[in-house]
Amino acid sequence: MNFLILSLIKAAVVAFVLMTTLAYLQWIERKVIAHIQLRVGPRRVGPHGLLQPLADVIKLLTKEDMLPSHVNKPFYFLAPFIAVFFALIAISVIPFGTEITIGPVKTAMQLTDLNIGVLFILGLSGMGVYGVALAGWASNNKYALLGGLRSSAQMISYELPMAMAIAAPLLMLNTLSFRQLVDAQGGYFFGFIPRWTVFQGPFPQVVSFILFMIAAFAETNRVPFDLPEAENELVAGFHTEYSSMKFASFFMAEYANMVTVSCVATLLFLGGWQPPFPEQYGAKFVPSLIFALGALLCFYHGFNPARPFDKITLPVVGVVFLGVAAAFVAPVISTILMPLFWFAAKVGIILFLYIWVRATLPRFRYDQLMRFAWTFMFPVAVVNLFVTGLLVALS
Amino acid sequence: MSKRPLDTDPVATLSAPAVEPANPSAPRLMTLNMGPQHPSTHGVLRIMLELEGETIRKALPDIGFLHTGIEKQCEVNTWQQAVTLTDRVDYLSNLSNNLVYALAVEKLLQLEIPARAQWTRVLLAELTRINSHLVWLGTHALDIGAMTMFFYCFREREDILRLFEMVSGQRMMTSYIRPGGLALEPPRGWDKAVGKFIKAFPSKVDQYEALLDANPIWKRRTQGVGFISLEDMLDLGVTGPMIRGAGLKWDIRKSEPYSSYEKFTFEIPTRKENDVYARYQVRLAEMRESAKIVVQALEGMPGGAWQADAPHVVLPDREKMKTQMEALIYHFKIVTEGYRVPAGEVYQAIESPRGEIAYYIVSDGTSKPYRVHMRTPSFGNLQALPVLLKDTLIADSIAALGSMDFVLGDTDR
């Protein structure tokens, strides 16, 4: 019974945090891309457009739900559910931090520590193709059909190098549970090089990390592999015929996939919540320092305001930042927050990379993308796996 | 999925394969209607595609969605009123259209245009070329997926539009070049503003090149794509950067100089490769050459009158109108009736950003044109579309379409 209540509480917390992250990820993406493109991004709803995600959700929920007359109804309704279901469920096996103790309760920061977590994620990402393919098929629309076909072919092609890229670090660490994977990456070489998989001997997994990231861009249909929804060629690709909440489901699925893939990359290659340098060099104070600097910056701009209302908003944000900085040095809370911080920081950097790439690169052509998968990614992944296996066997 | 007969009229030729022999192994074609609301056809172009998989077997453009009857409207307006209509033909290079109309009418009137007006016209025409190429580069890169280029190009375009606004009071519909000279004297400080812009501009072109040329994906998407033989292009009346990208050194500014272009030194950039990438390189090089011409025009700008000495065509200035009887009469006549243009016909061609733009004007000696025919580069270039798109991928079709740089207002008129 105790276990049930605990799981329910954890599920509620994780679901809430995940949904908020998805909504604000979109806000951050719009802001970052806007600043790269000499624009300012959302500004109208709330200070600096901070309530924009909320407004978007309300808009999408209250929008008329169009049902085109020519669609294949059962599959048309099923497709967005499949897409969003498999995208969201993946978060259940992702650990966010070490085991914590709150009062009498001792629990892991994770919904469930599945002993085949990595395989589970791979399976889910394979199932996600069905949502896209069915959406394209059921829409009975030529653009949607082309988009759905492209997407299925692309996702299946890139799944293979992705799985092989994942297999290489698994060979070295010899486990399939995410928690044990991260524990195996703790500690330092020579006292300062972290034992993350990308740095770990006998064969640092830099190649598989890069392969995994490329495949992840393709799996999540992001630029430069966003052909299924290439808006200039296929209008909106597989979700052309979808509107209101059904469209939002696909949208949410895409961003949830991004978050999941970034989490997996962090856990597999970047040591999860292990800090990048040991505690004796002051790893404990990095978060406090960052937030304190952020607070200082806010105060500075608050007292030299560029816009009139900055006088109020920025000092408030600064005070919040100072509070967070204090929390990171507080005795009990810091042990909970510290792993969360490093995990979130690494995931955040990868997500920023996604956004940055989206603002920079043009898009591949469909056949070029397939050729890239089969003639470059696949052979490199095979050789990488082979070399890793050989070195692991020899050492 | 089944092949449906197309019901609109111009498509009769397209649905011809309906009589194909009953061969079960023959590929089944899918008809895809691209446009007129499709985001990548740049305006309201409709293309009917017959697809085999993702390969285009047949493409047929359907134009006319932006037809506004400009040629006919010219016939019911006076000669000077028609200038405002030429702005609306090609709304991205309006000053080129102003210029060709003014040159044609001046030929009929046999007017001598003062040097300062001619040099200002060259300067404005080249700024227009830069403006148009910037819009092209931005939208073309956007089609291929490089979103950010669009905003960088529009940053510079905004500066050019501000320069246009300074001289004419309008950002796009300038109507600044008129038969007899210019509409107004360029304001004080305008030359400084142009100088400031044009000095910084080449480095901006370097920036675009650094963003796109260094990118292997961009090269893969554009190199070897959108080939069409030079013979086909010449047969179909294609002009401008398209044929220069195929290696033909054809530019009216050199071959039949107008508005004292012969006094400027500039190169005609050409490329041999004849693909989308070559056209992109040609246009970038043209932007650089245009910047050089603008600098020359600024530095060597002659002084003196900015309108022809032709009181029966050019409106007198306010001062004269209020003090001289003759000027008042001319003002009254020009404003109420318009000036009369001697009967005759004239053909005047210039090099617009998109290619060869030519106006064929017939006058019957009254104050309104009898006929204004516009030979627009977009129309000529668009004729090559079926040949260009045949047997290419859909994704390539977007790149190839973009490389043609047509404006639907220019096509439909």
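The values are calculated or read from the model by the stated rules, or taken from the named source; none is laboratory data. Owing to the predicted nature of the structure, the values given are computational and were not obtained by experimental measurement. With ideal geometry, Cβ positions are generated from the backbone for all residues, glycine too; neighbour counts draw on all protein chains shown.
The helices (runs of 4 or more DSSP H) falling completely within the range A:214-331 that include 1 or more residues that are among the polar types (S, T, N, Q) and farther than 30 Å from A:Gly148 by Cα map to A:286-303, A:310-329.
Looking across B:Arg413, B:Arg354, one residue alone is closer than 29 Å to B:Lys58 by Cα, within 16 Å of the chain's Cα centre (by Cα) and modelled with pLDDT under 85. It is B:Arg413. Filtering B:Glu112, B:Glu75, B:Glu106, B:Glu50 for residues that are buried (at least 17 other Cβ atoms within 10 Å of the Cβ), away from chain A (no Cβ under 14 Å), out of contact with any helix residue (DSSP H, G or I) (no Cβ under 7 Å at 6 or more places or on another chain) and of a type in the set (Asp, Glu) leaves a single hit, B:Glu106. Scan the range A:113-128 and give yes if some residue there is crowded, with 19+ Cβ neighbours inside 10 Å, assigned to a helix (DSSP H, G or I), within 14 Å of chain B (Cβ to nearest Cβ) and not β-branched (Val, Ile, Thr), otherwise no. So far as the range A:113-128 goes, no, none of its residues is crowded, with 19+ Cβ neighbours inside 10 Å, assigned to a helix (DSSP H, G or I), within 14 Å of chain B (Cβ to nearest Cβ) and not β-branched (Val, Ile, Thr). Any residue that is touching a residue at least 40 places away in the same chain (Cβ under 8 Å), assigned to a helix (DSSP H, G or I) and either over 30 Å from A:Glu99 (Cβ atoms) or more than 14 Å from chain B (Cβ to nearest Cβ) (or both) - is there at least one of those in the range A:183-201? Within the range A:183-201, none of the residues are touching a residue at least 40 places away in the same chain (Cβ under 8 Å), assigned to a helix (DSSP H, G or I) and either over 30 Å from A:Glu99 (Cβ atoms) or more than 14 Å from chain B (Cβ to nearest Cβ) (or both). Restricting A:Ile350, A:Ile336, A:Ile312 to those that are in contact with a strand residue (DSSP E or B) (Cβ under 8 Å, 6 or more places away or on another chain) and either acidic (Asp, Glu) or away from chain B (no Cβ under 14 Å) (or both) reduces the list to A:Ile336. Each residue in the range A:357-393 was checked for being away from chain B (no Cβ under 14 Å), of a type in the set (A, V, I, L, M) and touching a helix residue (DSSP H, G or I) at 6+ places or on another chain (Cβ under 8 Å), and 7 pass.
One line per residue, one yes/no per condition, for (1) aliphatic (A, V, I, L, M); (2) out of contact with any helix residue (DSSP H, G or I) (no Cβ under 8 Å at 6 or more places or on another chain); (3) more than 14 Å from every other protein chain (Cβ to nearest Cβ):
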residue: B:Thr222; (1), (2), (3): no, no, no
residue: B:Ser229; (1), (2), (3): no, yes, yes
residue: B:Asp235; (1), (2), (3): no, yes, yes
residue: B:Ile252; (1), (2), (3): yes, yes, yes
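Among the candidates A:Ala373, A:Ala359, A:Ala381, the residue that is under 30 Å from A:Leu146 (Cβ atoms), in a helix (DSSP H, G or I), in contact with a Leu (Cβ under 6 Å, 6 or more places away or on another chain) and of a type outside the set (Val, Ile, Thr) is uniquely A:Ala381.
The number of residues in the range B:144-170 being closer than 30 Å to B:Val341 by Cβ and either surrounded by fewer than 17 Cβ atoms within 10 Å (Cβ to Cβ) or acidic (Asp, Glu) (or both) comes to 2.
Here is the figure for the range B:381-408: residues that are under 17 Å from B:Asp90 (Cβ atoms) and surrounded by fewer than 22 Cβ atoms within 10 Å (Cβ to Cβ) total 1.
Restricted to the range A:55-65, and to residues there that are among the hydrophobic types (A, V, I, L, M, F, W, C) and surrounded by 14 or more Cβ atoms within 10 Å (Cβ to Cβ), the residue that is modelled with the highest pLDDT is A:Ala55. Residues in the range A:16-47 that are out of contact with any Pro (no Cβ under 8 Å at 6 or more places or on another chain), farther than 26 Å from B:Cys153 by Cα and either surrounded by 17 or more Cβ atoms within 10 Å (Cβ to Cβ) or touching a residue at least 24 places away in the same chain (Cβ under 8 Å) (or both): A:Leu18, A:Thr21, A:Leu22, A:Leu25, A:Pro47. For the range A:262-315, the set of residues classified as hydroxyl-bearing (Ser, Thr, Tyr) and either surrounded by 14 or more Cβ atoms within 10 Å (Cβ to Cβ) or touching a residue at least 12 places away in the same chain (Cβ under 8 Å) (or both) consists of A:Ser262, A:Thr266, A:Tyr281, A:Ser288, A:Thr313, listed by residue number. Screening B:Leu211 on (1) within 12 Å of chain A (Cβ to nearest Cβ); (2) surrounded by 14 or more Cβ atoms within 10 Å (Cβ to Cβ); (3) without any contact (Cβ under 8 Å) to a residue 40 or more places away in the chain shows it passes everything except condition (3). Every residue in the range B:256-288 that is over 19 Å from the mean Cα position of the chain (by Cα) and farther than 24 Å from B:Ala214 by Cα, please. Selection gives B:Ser260, B:Glu262, B:Lys263, B:Phe264, B:Thr265, B:Phe266, B:Glu267. Does A:Ala153 count as out of contact with any Lys or Arg (no Cβ under 6 Å at 6 or more places or on another chain), more than 25 Å from B:Arg220 (Cα to Cα) and in a helix (DSSP H, G or I)? No, not satisfied. For the range A:133-141, the count of residues that are assigned to a helix (DSSP H, G or I) and within 20 Å of the chain's Cα centre (by Cα) is zero. Considering every residue within the range A:10-31, establish whether at least one is over 20 Å from the mean Cα position of the chain (by Cα) and assigned to a helix (DSSP H, G or I). No, the range A:10-31 contains no residue that is over 20 Å from the mean Cα position of the chain (by Cα) and assigned to a helix (DSSP H, G or I).
Within the range B:246-300, the set of residues being surrounded by 21 or more Cβ atoms within 10 Å (Cβ to Cβ), of a type in the set (Gly, Ala, Ser) and without any contact (Cβ under 8 Å) to a residue 60 or more places away in the chain comprises B:Ala246, B:Ala278.
Residues of the range B:115-159 that are at the interface with chain A (Cβ under 9 Å from one of its Cβ atoms) and in a helix (DSSP H, G or I): B:Ala141, B:Leu142, B:Asp143, B:Ile144, B:Met147, B:Thr148, B:Met149, B:Phe150, B:Phe151, B:Tyr152, B:Phe154, B:Arg155.
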